[in-house]
Amino acid sequence: MEERPETELISIPATPRVSTPEALTPSGQRSPRPASKEAKSSNAWTPTSLISPRFLSPIGTPMKRVLINMKGYLEDVGHLTKLNPQDAWLPITESRNGNAHYAAFHNLNAGVGFQALVLPVAFAYLGWSWGILSLTIAYVWQLYTLWILVQLHEAVPGKRYNRYVELAQAAFGERLGVWLALFPTVYLSAGTATALILIGGETMKLFFQIVCGPTCTSNPLTTVEWYLVFTSLSIVLSQLPNLNSIAGLSLIGAVTAITYSTMVWVLSVSQKRPSSISYEPLSLPSSSSSAFLVMNALGIVAFSFRGHNLALEIQATMPSTFKHPARVPMWRGAKVAYFFIAMCLFPIAIGGFWAYGNLMPSGGILGALYAFHSQDISRGILALTFLLVVFNCLSSFQIYSMPAFDSFEAGYTSRTNRPCSIWVRSGFRVFYGFISFFIGVALPFLSSLAGLLGGLTLPVTFAYPCFMWVLIKQPTKYSFNWYFNWILGWLGVGFSLAFSIGGIWSMVNDGLKLKFFNSN
């Protein structure tokens, strides 16, 4: 892969507190670099330590003023970062006005959502002990690797790794980095979009049935037609130009996810449990088939912690200076986000399995709530819960599709050397939306798809960051840090292979069941 041309954009301002000029992006948004606040004095050495009033006291006033101005600018810009002109044309880096609040919204929207609804399915195959243990280990593991990605975003002074693939290239090499990271990150974006179409369309169908009521005489849409309605709404919302422009949608997605997650498990545990409920893990007659089921369940747990393929992209939307690096607000927002993520995932998994046990349908706790308690809960509450799920899926579709939009536009701009027009940008997004729709129609197995997605993309979350830390930071060989990250990385690779096999087996098994029932 050829490197994009880089230019160094540095100019000396006339006064010490003038910030860099605003850049007008193709979407019409301005991205000013905020002026830095006066910092407290520090004894730590920085590249501008020698340019200080005490050091400059013997120098004449005009020269002193120029050098002090230079010091203020260097501290404001920081790192003498080499900027890629093409970044101003792409959705991820077009706007650099992000902050800790945006980071919290985006991480919550990416980290919690429909995948939480499938977690009780994994518990039905794992049981209480292994289910809770695997969920806890996965949560701590992915939180550590998220911290690694936040730290590595500016691991090299003067360089920002704005995308996951860029960091992989820096760690593994230009070609190997692309081969290792491009497929799972694109697959995670496209696979998540496909799964969102499945759960969003199904939920819209259930919402219509609840609102219409049992005596409804209208001719309802088929499931595929509901998929198409959801896809069309997602495409309309996807016309927002860049990652910062969807911060409002991410806020809506975060609020709705927290709300409906709480409502779903509270409603489930507050109702009478089915009489035939059992907490024994589901198994098949053959030990090999049971092992595949367990691996698919662990893949579902891994998929519930997706979002690391967006961490660097979210951090890239923030301004970064020498004194105020982007990793500080990013980690602050991520910690808040993952606190609420834990408050959503653990109660749904534990409460859902307690309420339905191994009677949990493959679609997850939302389907169980409708199947077992649609007559016990008021239609208004059920309708509100399903509507919140639809809003969350529409919001999550935008943030998970943004890397794919960025890849499409990067290919176009690198060939034409000009930004995408509105029509080209819209065309890419319409094409992507309907491709995801067709994949969803062809593979309508949500729980199996979740297991396969978790297996194939597990290295992005659990393995690659550990390898990247060792290769870029280069801790002391044979130290605890060195061993710890290598072991975690290779465990992640091994789990990825096992979970992928379990997901493929589950999808094939579900396909054979569907073919058998249709033939009869």
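The values are calculated or read from the model by the stated rules, or taken from the named source; none is laboratory data. In this text the structure is predicted, and so the values were computed from the model without any measurement. For neighbour counting, all protein chains shown are included, and Cβ atoms are generated from backbone atoms with ideal geometry for every residue, glycine included. Note: areas computed on protein heavy atoms with side chains; ligands, DNA, RNA excluded. Shrake-Rupley method; radii C 1.70, N 1.55, O 1.52, S 1.80 Å.
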Review point. For the peptides 319-331, 242-254, what is the packing order when you average, over each peptide's residues, the other Cβ atoms within 10 Å and list the highest mean first?
Key: 242-254, 319-331
Practice item. Could you tell me what percent of the accessible area of the range 183-288 is made up of carbon and sulfur, with a 1.4 Å probe and every protein chain present? Key: 68
Exercise for review: Enter the accessible area per residue of the range 385-431 (Å², integer; probe 1.4 Å; all protein chains in place).
Suggested key: 40
Exercise for review: At 0.36 nm per residue, minus the direct Cα-Cα distance, what do residue 132 and residue 483 gain on full extension? Give it in nm, one decimal, please.
Suggested key: 123.7 nm
Practice item. Express the carbon and sulfur contribution to the solvent-accessible surface of the range 396-437 as a percent, rounded to the nearest whole number, probe 1.4 angstrom. Key: 69
Check your understanding: Can you list the residues of the range 183-224 with backbone N under 16 Å from a point 7 Å past the Cα of residue 362, pointing along Cα to Cβ?
Key -> 195, 198-199, 202
Exercise for review: Let me know the charge dipole size of the range 103-252 about its Cα centre in debye, to the nearest 20, where only the beta-carbon of Lys, Arg (+1) and Asp, Glu (-1) is charged.
Suggested key: 160
Revision key, fill the gap. For the range 308-421 the mean separation of alpha carbon contacts under 8 Å (6+ apart) over residue count, i.e. relative contact order in percent, is 15
Practice item. Just order 167-173, 409-415, 271-277 by mean Cβ neighbour count inside 10 Å, highest at the front, would you? Key: 167-173, 409-415, 271-277
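Among 465-474, 200-209, 433-442, what's the highest-first ranking by average C-beta atoms within 10 angstrom per residue?
Packing proxy ranking, top to bottom: 200-209, 465-474, 433-442.
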Review point. How high is the FRET efficiency from residue 328 to residue 474, r the C-beta distance, R0 41 Å, rounded to 0.05?
Key: 0.95
Revision key, fill the gap. Residue-normalised value, i.e. accessible area per residue, for the range 115-239 at 1.4 Å probe, in Å², stands at 39
**Study point:** Rough spin-label spacing in nm, given labels placed 7 Å along Cα→Cβ, for residue 186 and residue 497
**Key:** 2.5
Check your understanding: When the label point is put 7 Å from the Cα of residue 434 along its Cα-to-beta-carbon vector, which residues of the range 206-245 have a backbone N closer than 20 Å?
Key -> 222-240
Review point. For the range 208-272, what does the alpha-carbon gyration tensor say about shape, rounded, prolate or oblate, given a ≥ b ≥ c as the root eigenvalues, a/c under 1.5 as rounded, and a/b over b/c as prolate?
Key: oblate
